[in-house]
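The values are calculated or read from the model by the stated rules, or taken from the named source; none is laboratory data. None of the values given here were measured: they were computed from a predicted structure. Cβ atoms come from the backbone with ideal geometry, glycine included; neighbour counts cover every protein chain shown.
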Amino acid sequence: MEIWPNEVCDIADALGYLQHYLQELTEHQNTLEHVINNTLAGLTAQIQQLAQLMTAPAPAPTVAPPPLTTSPPPVNPSSPVPSAPTKQQTRPKLPSPPDFSGEQTSG
């Protein structure tokens with residue numbers, strides 16, 4: 001089998017194109033690996049921070065709560081004494097909702 005000169009040029013052009021395309025793919029793969037490695041490093045650091053927060057003891061309160069008192073608050077003689085509620089002071093009673101039939105659309 002003989003290869004003609006123009007066929008050799010076509011093969012050389014195709015080979016050059018494929019080499020160039022392979023080089024572009026390799027560069028793209030390297031870029032993606034770099035992004036993946038950076039993302040993985042960031043996620044690993046966040047997991048380590050979360051693990052430290054989960055195992056760290058709870059911080060002690062900085063201010064002590066006030067002591068509980070059992071005595072009632074002092075009565076101010078000038079304040080009015082509340083009276084029993086009258087009919088006007090009671091809140092209106094709302095009607096009960098209808099019974100649920102089990103239909104999902106009417107819930």
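Taking Gln23, is it outside any loop (DSSP other than H, G, I, E, B), modelled with pLDDT of 90 or more, over 37 Å from the mean Cα position of the chain (by Cα) and not charged (D, E, K, R)?
Working: outside any loop (DSSP other than H, G, I, E, B): yes; modelled with pLDDT of 90 or more: yes; over 37 Å from the mean Cα position of the chain (by Cα): yes; not charged (D, E, K, R): yes.
Here the answer is yes, as Gln23 does meet what is asked.
Does Pro74 satisfy the condition of being surrounded by fewer than 10 Cβ atoms within 10 Å (Cβ to Cβ), part of a loop (DSSP other than H, G, I, E, B) and at pLDDT 80 or above? Show your work before the answer.
Values: surrounded by fewer than 10 Cβ atoms within 10 Å (Cβ to Cβ): yes; part of a loop (DSSP other than H, G, I, E, B): yes; at pLDDT 80 or above: no.
No: the conditions fail for Pro74.
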